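The values are calculated or read from the model by the stated rules, or taken from the named source; none is laboratory data. Being a predicted model, the structure only gives us computed values, none of them experimental. So basically every Cβ, Gly included, is an ideal-geometry build from the backbone, and we count neighbours across all protein chains shown. Accessible surface is based on the protein model in full, side chains and every heavy atom, while ligands, DNA and RNA are left aside. Shrake-Rupley method; radii C 1.70, N 1.55, O 1.52, S 1.80 Å.
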Amino acid sequence: KRSVLPSLVSVLVYLTCTAPAWSGPADGHAAQTELSLAFGCHVFNETSPAIPEAMIDVPVTIALTYHLTRIWGIEGEFSWIQPIEQSIEIAGSGEVDKKSPDIMSYQVCVLAMLPLTDSAWSPFAVAGAGAITFLSNDDANRQPILTDTQTMPAINLGVGTTYRVSPHWAVRVDVREYVAFPADDAEGFSTGSESDPIWMERGSVGAVYRF
């Protein structure tokens, strides 16, 4: 999974370097602010000791984007990630039904847009940083079991596009790679005095309203 990150970096660099060669807004509406709501699929990669096997959750994401120029924008994003119970393999226990803790993610991002002339499509690359919170839950079917809420720094990198369907409305699709960095003594995420980064992917589809 970690090989995904260099690929996303390459796309981000490409869009950043080529964007100035394009001219004209993505559509005739000179919107500076966008509000989006999206749903999708969030995947936790195997991470010792917290996640013994990849787990899938459902994220609900709201984002507010402000376009500084035709090329650059800033975005604040909040996600509530809903756990889904699934069968996973745990050493010494065999197949068991588990689900992750409830999770909140908050990120501040920079967008590099590629505004195509006379096109409804507007591709972008995005990178940002913030934090991810794993809410405490000591139920036996949680993985990992947490008696205390754990908040850790996190970064994200991704690509996506919007497709204009009217002057004010658009459809947005994006794919992100997230990496969270638990503390070395984080409950449920560390072994002894060491912890591994938590790698996650998210794909989402949503609606955008342009002001």
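For the stretch 58-78, a residue qualifies if it is free of Cβ contacts under 8 Å to residues at least 40 places away in the same chain and either open to solvent by less than 40 Å² (accessible area, probe 1.4 Å) or at positive phi (or both), and the qualifying residues are Ala63, Gly76.
Screening the stretch 161-186 for residues that are open to solvent by less than 50 Å² (accessible area, probe 1.4 Å) and among the β-branched types (Val, Ile, Thr) and picking the one that is farthest from the chain's Cα centre (by Cα) gives Thr162. Show the residue pairs meeting these rules: Cβ distance below 7 Å; 6+ apart or different chains; first residue within the stretch 179-197 and in contact (Cβ under 8 Å) with a residue 40 or more places away in the chain and at positive phi; second residue open to solvent by 30 Å² or more (accessible area, probe 1.4 Å) and in a loop (DSSP other than H, G, I, E, B). If the second residue must be open to solvent by 30 Å² or more (accessible area, probe 1.4 Å) and in a loop (DSSP other than H, G, I, E, B), the pairs left are Gly188/Ile145. Checked against the criterion of being open to solvent by 10 Å² or more (accessible area, probe 1.4 Å) and modelled with pLDDT of 95 or more, the stretch 45-57 has no qualifying residue. Among residues belonging to the stretch 164-174 that are in contact (Cβ under 8 Å) with a residue 40 or more places away in the chain and either part of a loop (DSSP other than H, G, I, E, B) or touching an Asp or Glu at 6+ places or on another chain (Cβ under 7 Å) (or both), point out the one that is farthest from Pro101 (Cα to Cα). This residue is Pro167. When Ala38 is tested against (1) open to solvent by 30 Å² or more (accessible area, probe 1.4 Å); (2) under 18 Å from Arg172 (Cβ atoms); (3) small (Gly, Ala, Ser), just one condition goes unmet, and that condition is (1). In the stretch 79-93, the qualifying residues are those that are open to solvent by 80 Å² or more (accessible area, probe 1.4 Å) and on the phi < 0 side of the Ramachandran plot, and the one that is modelled with the lowest pLDDT is Ala91. Candidates are the residues of the stretch 111-133 that are of a type in the set (A, V, I, L, M, F, W, C) and within 15 Å of the chain's Cα centre (by Cα); the one that is farthest from Ala183 (Cα to Cα) is Phe124. Of all residues in the stretch 187-209, those satisfying the criterion of being surrounded by 14 or more Cβ atoms within 10 Å (Cβ to Cβ), more than 18 Å from Ile155 (Cα to Cα) and at pLDDT below 95 are Glu187, Gly188, Ser190. Within the set of pairs 6+ apart or on separate chains, which have a first residue in the stretch 96-121 that is crowded, with 19+ Cβ neighbours inside 10 Å, a second that is part of a strand (DSSP E or B) and of a type in the set (Ser, Thr, Tyr), and C-beta atoms under 7 Å apart? As it stands, the answer is Ile103/Thr133; Ser105/Ser79; Leu111/Thr65; Met113/Ser122; Pro115/Ser122, since those pairs meet every condition given. If you check Leu157 against the conditions, is it out of contact with any Phe, Trp or Tyr (no Cβ under 8 Å at 6 or more places or on another chain), within 19 Å of Gly40 (Cα to Cα) and not basic (Lys, Arg)? Yes, satisfied. Here's a check for you: in the stretch 156-186, which residue that is among the charged types (D, E, K, R) and over 18 Å from Leu114 (Cα atoms) is modelled with the highest pLDDT? Looking at residues that are among the charged types (D, E, K, R) and over 18 Å from Leu114 (Cα atoms), I get Glu177.
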